[in-house]
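K.L.:
Below is a structure I'd like to ask you about.
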Amino acid sequence: MMKAADWPNSGPRLAGARSRLRAFRSGIASKPIGGGLLALALLSGCAARGEIDRFSTVRDVAPREAFVLPAAGGPSIVGVLEQRYSNGVEQEIVLSGGGGAAGQNRMRVQFIGPVDASTSGRTALSERSLARADIAGELRQEFPGVAMRRSALYVQNRYGPFGYATGQVGGTTCLYAWQRLSGTDHATLILRPRGIINLRLRQCEAGASEAQLLATLYGLGVNAFLNHFSWMPYGDPPSPSPTLGQGGAPVYPEPLLPASAGTAPAAPVSEPAPPPRAHRAAPRAAVRSVPRLQPAPPAALEPLPQPVGPPVPPPPGVTSLDAAGVSAALVPAPPGTASPAATPARPVVAPPAICADGRLMGASGC
């Protein structure tokens, strides 16, 4: 067996190996704290509790966090479902109502632009412009079997133009509207405003008119934005009137009537008449029936007593005079009745009494 002394230059090599081994052992012994920390870190990693996560990218948010809100008095928000994509966020806003049509009243809003990559999804939203074939497919999907008629009128709300289609499902009127807001395309490539808002509205109401359903779209308000310097889906702001600041173009605080309307004073507003007070009807007293008094029959005229004394010849011109004539001459006829004689009767004058010797009878007799 060969000894270490037999190797050439074996002494220096063995000395170097021994020194390195001693240095390694001293290094481990001099760092007990570092090894303990490493062991503790490994143990804590095994005992840590992880948070529950979901595979779905759809989550329920509060109605106040909806991207678009209806106007006051419009349909209320029932619920909001939010889904994130790699280039934007989409919300499905469920509205109240629905009438007798199948499906829910809802809005689908897409915000497309620079989003946070750490919270975004894997798929991307379409950024291309709308096509007529796309709208036709959406109408067939939302209203299967319903003849939806697209309007050829130009309409716009506060954010720009939009299109819509209407149809009837029994006594229910349905509206489907679409709108796209995008930034300008004539800016530079680096500082080009980015941002797209896609909006869809599906609304059905029993007995509602087309104008009533369109009022919902006119009253919508955007309630959110993407916090990025390039987010500008509304385009350039409108320029002021060209007559602003020039002479001959007065500006009034309120719009005035046109010149053709004349300057006739407004009709005075009459105060509305107070409503009539309800009077309580007084109880009607019981009316006793009073028998009507019949007029008494006229009393029968008593006949005049017969004259006493010698018969007196009638006056000249009178042929005869009976008791009935005397009665008619003394008793006037009642008013309104004709007299039996054509001429009024004259009073009867008794002739003077004559004695036997031819003399007139005096007061003391013959």
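The values are calculated or read from the model by the stated rules, or taken from the named source; none is laboratory data. Because the structure is a prediction, the values reported are computed rather than measured. Note: accessible area is taken over every heavy atom of the protein model, side chains too, but ligands, DNA and RNA are not part of it. Shrake-Rupley method; radii C 1.70, N 1.55, O 1.52, S 1.80 Å.
K.L.:
Mind checking Rg over Rh on region 190-233, alpha carbons, Kirkwood formula for Rh?
P.N.:
1.19
K.L.:
Which far-off residues, 5 or more places away or on another chain, put their amide H under 5 Å from the one on Q179, with H placed in the peptide plane?
P.N.:
Residues meeting the criterion, in which the H sits 1.01 Å from N, are L199.
K.L.:
Full extension from C366 to S120: what is 0.36 nm times the residue separation minus their Cα-Cα distance, to one decimal in nm?
P.N.:
Extra length available between C366 and S120 comes to 72.0 nm.
K.L.:
Hey, another quick one. What list of ³J(HN,Hα) values in whole Hz, one per residue of region 126-134 in order, does the Karplus curve 6.51 cos²θ - 1.76 cosθ + 1.60 (θ = phi - 60°) give from phi, with Gly and Pro shown as x?
P.N.:
Once θ is set to phi - 60°, the couplings for region 126-134 become 6, 10, 6, 6, 6, 10, 4, 5, 5 Hz.
K.L.:
While we're on this one: At a 1.4 Å probe radius, carbon and sulfur cover how many percent of the accessible area of region 75-195?
P.N.:
Details: 3370 of 6580 Å².
Its accessible area is 51 percent carbon and sulfur atoms.
K.L.:
Please list, short to long, the whole-number percent of alpha-carbon pairs of region 51-170 in consecutive 5 angstrom bins beginning at zero.
P.N.:
In order of increasing distance, the bins hold 2, 9, 14, 18, 21, 19, 11, 4, 2, 1, 0 percent.
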